[in-house]
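J.: Below is one structure. I have some questions about it.
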Amino acid sequence: MFKRSSGILLHPTSFPSDYGIGDLGLEAKKFIDFLEKSELSVWQILPLGPTGYGNSPYASYSAFAGNHYLISPDILHEKGLLTQDELKHARLPSLEKVDYETAYGNKRELFSLASTRFYERNDKQEQKDLKKFKKDNEFWLDDYVLFISCLEHYGFQPWNTWEPGLAKREPDAIKKAKKEHKERINYHYFVQFEFFNQWMKIREYANSKEIIIVGDIPIFVDHNSSDVWANSHYFEVDSRGNRKLVAGVPPDYFSETGQLWGNPLYKWKALEKDGYSWWLERFKQMFYLFDAIRVDHFRGFDAYWEVKADAKTAMNGRWVKGPGEDLFDTILKKMGTLPIIAEDLGVITSEVVKLRDKYNFPGMKILQFAFSDNAGNSFLPHNYDTSNCIVYTGTHDNDTTRGWYNSASEKERHHAREYTRSDGSAIHTELIHTAMMSVARMAIFPMQDLLGLGNEHRMNYPSTVANNWLWRYKRGDLAKIDMNWLRWLVNLTNRNPRLNLSDANLTTLETEEAN
């Protein structure tokens, strides 16, 4: 299913741009061109949904909608919906950190102007396309545009604090809200329509260069989302919409007190009774947007950590059995194939491994975890017992490789130097080389590691809210990367799927092993 290949982990917010946050315009295409010229063939991103509290892609107002702040104003100008003067007034310096507050404010003004002009010019083809978009996405779109319009009206306060009739979705309250917020609803129809148009153009551009895009699907959704508001019967909330049971993980590598995510847990029995229709629609959406997806917290489908909603930490919880094979059998039956990467980090049991392997989902190997103990560490490449895995130098939740090395114990640093046969001065390139040389089907590295950046360029600190999801690279940074070295490494390690001759044999062998 996955060819031997390699690529970069980079979220679109990290592109350079003139508007304070990366977008789906020219710089996205330049990045794809860079991948092609380097003979890399995979682009992995974080979730694309509209971000809520803390700007986290994993705390979204919708599991289906797109983050409209990724829309490129320049493309709206090309469509005749914005003027050059309007763009000029919204431009911001292209710094190394996203300026969320200013960027969002400027883009709201621009997109409001574009939306008004879109409806006023009443182009027949555009309106026909919008109508089709609404129909194709009716499962989630109408609920989302009403939800986000009401959320704005209530100052982004959680939906369970709204007027009771609206919070409970009483028909009269819904009808009244649709009438009162008609203008904002139309605005949100437009920005979703535009986001999906721009994203699909980017995906088509990548695919035309034989580059696949790997998306990310968080297992849980945010409480303050259209998903929970519109489908509360599928979630552990009470009649007023208050959370009863929430998600997290027990103490682990990232936190001594565990991670208390706070997402409401699913009522899996209710979902099963409905044929998992909500999950089927969610996976259908993901496979429409991406060539493959990483399923975040895969182990939660086998068993998940249940914590009471009023808990202060995730320490006092319990493991509860998840839907397991029943869910994936249902999805497989409907979808035919499941190009899924299982995020199988953390407390992994034999049951989780069995679930992952039944569907031949590749798991994840993180090189930054490899040097903490001895030669038997499962993250060390010589211990990979199958090629059906994805190796990363680090992920969005890790430090950059240089940052990790500089803060690691001397024992870890010594082990890393011994393993890579280097002095550690260019540990980022050494770990990239190590990943590429491994048997893992894909080798993925964050852009920060390719650029050799330190701790100050880290993307996320798990279990924290402030100062995350900010990093961007600068214009000119791609030119600093040694493309000749990358091409040499890609071809040395047989990771150019355009030339790769061994995938058929690998697939045959793995099928025989599975049988």
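Values quoted throughout were computed directly from the atomic coordinates according to the rules given, and no laboratory measurement underlies them. Here the structure is a predicted model, which means the values were calculated and not measured. Note that we place each Cβ from the backbone using ideal geometry, even for glycine, and neighbour counts take in every protein chain shown.
J.: Name the residue from TYR359, THR401, ASN67 whose Cα lies farthest towards the positive end of the charge dipole of the chain, charges +1 on Cβ of Lys and Arg and -1 on Cβ of Asp and Glu.
T.: Positive-most Cα among the choices belongs to ASN67.
J.: Given 4 °C and 1.567 mPa s, compute D for the range 54-117 with the Stokes-Einstein relation, Rh being the Kirkwood radius over Cα pairs; round to the nearest whole µm²/s.
T.: 100
J.: Still on this structure, I have one more. Using mean Cβ contacts within 10 Å as the protection proxy, how do 190-202, 239-251 order, highest first?
T.: 190-202, 239-251
J.: For the chain, what relative contact order do you get, as a whole percent, if you take Cα pairs closer than 8 Å and at least 6 residues apart?
T.: 19
J.: Using a cut-off of under 17 Å, list every residue of the range 84-118 whose amide N is near the label point 7 Å from the Cα of GLU183 along the Cα-to-beta-carbon line.
T.: Only 108-118 pass the distance filter.
J.: Suppose the chain between MET200 and ASP477 were pulled fully straight at 0.36 nm per residue; how much longer would it get relative to their current alpha carbon spacing?
T.: Computed gain between MET200 and ASP477 is 97.1 nm.
J.: For the pair VAL439/TYR53, report the inter-label distance in nm, with labels modelled 7 Å from Cα in the Cβ direction.
T.: Label at VAL439, label at TYR53, 4.5 nm between them.
J.: Could you bin all the Cα-Cα distances of the range 333-492 into 10 Å bins starting at 0 and give me the percent of pairs in each, rounded to whole numbers?
T.: 10, 35, 36, 17, 3, 0
J.: Here's a follow-up. Sort 452-463, 217-228, 469-480 for me by packing, meaning the mean count of neighbouring Cβ atoms within 10 Å per residue, highest on top.
T.: Highest mean packing first, the order is 217-228, 452-463, 469-480.
J.: Do any of LYS134/LYS176; LYS134/LYS267; LYS131/LYS175 go past 24 Å between their Cα atoms, and which?
T.: Cα-Cα > 24 Å for LYS134/LYS267; rest within.
J.: Further question: At R0 = 51 Å, how high is the FRET efficiency between GLU306 and ARG117 if r is their beta carbon distance? Nearest 0.05 is fine.
T.: The pair GLU306/ARG117 has a calculated efficiency of 0.55.
J.: Here is a further query. What's the extension gain from LYS333 to LYS30 if we count 0.36 nm per residue and subtract their Cα-Cα distance?
T.: That pair, LYS333 and LYS30, stretches by 105.3 nm at full extension.
J.: Using the C-alpha atoms of the range 395-441, what convex hull volume per residue, in cubic angstrom, is computed?
T.: Details: hull volume 3.9 nm³, N = 47.
So the per-residue hull volume is 83 Å³.
J.: Same structure, new question: Fully extended, how many nm does the chain gain between ASN467 and TRP319 (0.36 nm per residue separation, minus their Cα-Cα distance)?
T.: Working: separation 148, 0.36 × 148 = 53.28 nm, distance 3.12 nm.
That works out to 50.2 nm of additional length.
J.: Here's another thing I want to ask about it. Would you mind estimating how fast the range 5-514 diffuses translationally, via Stokes-Einstein at 20 °C and 1.002 mPa s with the Kirkwood radius over Cα pairs, in µm²/s? Before the final figure, lay out each step's value.
T.: Numbers: Rh = 24.0 Å.
It diffuses with D of about 89 µm²/s by this estimate.
J.: Under 16 Å from the 7 Å Cα→Cβ point of LYS124, by amide nitrogen: which residues of the range 187-219?
T.: From the range 187-219, the list is empty.
J.: Show that you can apply the helix-only estimate: for the chain, add -39,500 (n - 2.57) for every DSSP H stretch of four or more residues, divide by all residues, and state [θ] at 222 nm to the nearest 500.
T.: -12500 deg cm²/dmol
J.: What is the Cα convex hull volume of the range 185-315 when expressed per residue in Å³?
T.: Normalising the Cα hull of the range 185-315 by residue number yields 146 Å³.
J.: Assigning unit charges at the beta carbon (Lys, Arg +1; Asp, Glu -1) and nothing else, what dipole magnitude in debye, to the nearest 20, does the chain show about its Cα centre? Let's see the in-between values first.
T.: On the way: 64 positive and 70 negative charges, 177 e Å.
For the chain, the charge dipole is close to 860 debye.
J.: How much of the DSSP bridge set in the range 5-514 is antiparallel, in percent, rounded to the nearest 5?
T.: Working: 15 of 40 bridges.
Bridges in the range 5-514 are about 40 percent antiparallel.
J.: Now for a separate question. Here is the link list: LYS29/LYS354; LYS308/LYS354; LYS88/LYS284; LYS3/LYS411; LYS244/LYS354. Which ones come out longer than 32 Å on Cα distance?
T.: Violating the 32 Å limit, Cα to Cα: LYS29/LYS354; LYS88/LYS284; LYS3/LYS411.
J.: Which trypsin sites (Lys or Arg not before Pro) in the range 327-397 sit in a loop by DSSP (not H, G, I, E or B) and have at most 13 other Cβ atoms within 10 Å of their own Cβ?
T.: Working: sites: LYS333, LYS334, LYS354, ARG356, LYS358, LYS365; in loops: none.
Filter output for the range 327-397: empty list.
J.: Trypsin sites (Lys or Arg not before Pro), restricted to the range 294-325: which are DSSP loop and have at most 11 other Cβ atoms within 10 Å?
T.: Counting only loop positions with at most 11 other Cβ atoms within 10 Å, the trypsin sites (Lys or Arg not before Pro) in the range 294-325 are LYS312.
J.: How high is the FRET efficiency between ASN383 and HIS233 when r is their beta carbon distance and R₀ equals 41 Å, given to the nearest 0.05? Show your work: numbers first, answer last.
T.: Numbers: r = 45 Å, r/R0 = 1.10.
Approximately 0.35, to the nearest 0.05.
J.: OK, next. Using only the alpha carbons of the range 239-396, determine the length spanned along each of the three principal axes and report them from longest to shortest in whole angstroms.
T.: So the extents along the principal axes, rounded to whole Å, are 53, 42, 27.
J.: What whole-number value in cubic angstrom gives the convex hull volume per residue for the C-alpha atoms of the range 76-153?
T.: 137
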